[in-house]
1. Take residues that are modelled with pLDDT of 90 or more and tell me which of the helices (runs of 4 or more DSSP H) falling wholly in the stretch 47-149 contain 3 or more.
2. Take the stretch 17-30 and flag every residue that is open to solvent by 30 Å² or more (accessible area, probe 1.4 Å) and closer than 11 Å to Phe58 by Cα.
3. Please state which of the following conditions Ser171 fails to meet, knowing it meets all the rest: (1) open to solvent by 10 Å² or more (accessible area, probe 1.4 Å); (2) within 17 Å of Ala223 (Cβ to Cβ).
4. Tell me which of these Ser199 doesn't satisfy, since it passes every other one: (1) in a helix (DSSP H, G or I); (2) crowded, with 20+ Cβ neighbours inside 10 Å; (3) not hydrophobic (A, V, I, L, M, F, W, C).
5. Given Thr228, Thr271, Thr245, which one is in a helix (DSSP H, G or I), open to solvent by less than 30 Å² (accessible area, probe 1.4 Å), modelled with pLDDT under 90 and farther than 14 Å from Phe427 by Cβ?
6. Could you tell me which residue of the stretch 363-406 is surrounded by the fewest Cβ atoms within 10 Å (Cβ to Cβ), considering only residues that are part of a loop (DSSP other than H, G, I, E, B) and out of contact with any Pro (no Cβ under 9 Å at 6 or more places or on another chain)?
7. Take the stretch 241-273 and flag every residue that is under 22 Å from Thr228 (Cα atoms) and small (Gly, Ala, Ser).
8. Yes or no: the stretch 252-263 includes at least one residue that is assigned to a loop (DSSP other than H, G, I, E, B), free of Cβ contacts under 8 Å to residues at least 12 places away in the same chain, open to solvent by less than 50 Å² (accessible area, probe 1.4 Å) and not charged (D, E, K, R).
Amino acid sequence: MEVTPIGWALIPLGIIFFLVAPDRLYFWMVFFLPFSATAVVNIGSGDSASGVQATIFFGALWMVRELPRFVGARDSRAGQNLRQPANQLRWFVLVALVSLIMPIWINGRMYIEDPEFSNGFSNSQPLLFTLRNITQIIYLVYGVLLSVLVAFRNSEVRELVRSIRIFLISSIFVSLWGFLQLFCSLLNIAYPAYVFNTSATGSAQGYLDQLEDLGISRISSVATEPSTLAASLLIAFVFVLFAVTRKLPLISKGWDRFALVSIFGALMISTSTAAYLGLAIVFVIYMVLLKQMRILRRGHIVALLMLAGLVGLTVTLFSPAQDIFTSLVVGKGETYSGIARAYSIALAAQYFLQYPILGLGWGSVTSHDLVFKLLSNTGILGFSAFCLFLYSLLRRLWRGSRTFGMVDPEWRWWSTCLLGACLVMVFTNLTAGFDFVFEYLWFLLGLGMSVPPLSSALLVKHPPPDLQGQEAIVT
C-alpha cells in the first residue's frame, strides 16, 4: 500500500473532520466526485494495482457518521419518502449478491473472452470466482448506500441546492484543469499529473491517451479517461443550464455564466465522442423540458441555433476540428476503441443468452453499455430490478416536474432539472457503459430520490389555491 502525495494531505484532513466537523466530510466527498483518477492510497502494483478514490475516502467516513442518524429517522417523513426507491435498490443489490453463485457453480467450465484484444488476437480466461467479483460488489453496495444517504440528507430544498452548488464548483475547477492539460500539451510542457492523476489503476491513465492518427493529446483532466470526464461534466452542464435559465443563481450570476462557458469548453476539448453526442442530447432534453414547463422562448431557440452555427463554423473552417469530428463521431465505429466496445457488447449478449436468469455473476463480464452489462452479469432478474428502480425514479421526477408548481415551485423546478440530468446520465450509460464504480452516478440518483413523491397527504398539507379536480393531480 502506498499513500499518494495528495493522500498525505487529505487523509489527516479527513480524520480531523471525522472527529470534529463531520459536515465537512460531505462537502469534500461531493467536491471530489469528478476526480475519478485521484487516489489517496494505491494498493497493489502493476496490472493488479488499484487506487482508493478521494471521494470514496471522504464518503466512507461521512457515511459512518451519517448512517446512525438515518437509521434513527427511518420513521420520519424523509425516511418514509425513501422507502420505495431504497427497497427497489435493495432488491437489485440482493440479485447481484445471489448472482455471485454463478462463477462458483460454473467453476471454469466456460471461458470469458477479453474484448480489449490487440494485434488481432483475443485472450480468454476461465470463469472463476475471483477477488474482482468481491471488489465489484463492494463498489455496488457502497454506491447504493451512498445514494440512499444522499437522498436522506437532501430531503429539503435548501440542502439539495447546496449539494448541486458544491458539485458545480468542483466541475468548474475540473474544467479549468482540463484547459491546463491542453495548454501543457500545446506548449510541450510536462503536465503535473502527480497532483490529481494519482491512481495507479491501469484504466486511470487517460491523461496519457492520444489520437495517434492526428497526433493530438486527449483531455481527461482529473478523470480516468475523457469519456468519464464527459459523463460527469454533462450532469453539471444540465445543472448550470437550468440555473442560468431561471436567473436565480446557484453561485452568482457571473460565476454561473462562467461555469456554463468553461464546462462547455472542457467538453469540446475533451476529444470524447460521449461529450459531443451528449451535448446534442442535453440541448434536445433541455428544449423539451422548457416547453413542458411552458417557459420556452424564442430567445432560447435563437441562442441554441447560434451556438450550433458557431460549432459548425469552427468544424468547417479549422482542419484540426474537422479531423477530430471525423475521427471521433463519423468514423468512431472504425476505430480500435469503437470496435472493442461493439465486440464487448456482442460477447455480453452471447453470455446472457447462455445464462439468462442470473447471468455470469456480478463483475464477471465487461460490456461497454448498460443493457447487456446488466443482463450478462445479473441476468433478467437483475436487469428487471434495476429498470424498475430507474423507471420509478424517472416517473417520480416527471410527475414532480408537472405538478409541483401548484404545491411547491422550488421542488417543481429542481424535479425538472434532475429529470434532465438523469436522462442524460441514462444516455451516457447506455452508450459508454454502466459507471457504477464512479460515485457521481450514485450521487445524482440520490438527488433524484430526494424529491418527495406526490401523494394525497402532501396535497392536503399544501393545498394549491386554485386546485380543481384533485384526483387528476394525484394520478
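1. Here the list reads 54-72, 83-98, 101-106.
2. Residues satisfying the conditions are Phe18, Pro22, Asp23, Arg24, Phe27, Trp28.
3. (1)
4. Condition not satisfied by Ser199: (1).
5. One residue alone meets the criteria, Thr245.
6. So in the stretch 363-406, the residues part of a loop (DSSP other than H, G, I, E, B) come out as 363-370.
From what is left, the residues that are out of contact with any Pro (no Cβ under 9 Å at 6 or more places or on another chain) are 365, 369-370.
Details: Val365: 25, Asp369: 21, Leu370: 23.
Only one residue tops the list, namely Asp369.
7. Those that are under 22 Å from Thr228 (Cα atoms) and small (Gly, Ala, Ser): Ala259, Ser262, Gly265, Ala266, Ser270, Ser272.
8. Scanning the stretch 252-263, I find at least one residue that is assigned to a loop (DSSP other than H, G, I, E, B), free of Cβ contacts under 8 Å to residues at least 12 places away in the same chain, open to solvent by less than 50 Å² (accessible area, probe 1.4 Å) and not charged (D, E, K, R), so the answer is yes.
The values are calculated or read from the model by the stated rules, or taken from the named source; none is laboratory data. Predicted model only: the values in this text are computed from it and were never measured. No Cβ is skipped: glycine too gets one built from the backbone with ideal geometry, and neighbour counts run over all protein chains shown. To get the accessible areas, we keep the full protein, side chains included, count just its heavy atoms, and leave off ligands, DNA and RNA. Shrake-Rupley method; radii C 1.70, N 1.55, O 1.52, S 1.80 Å.
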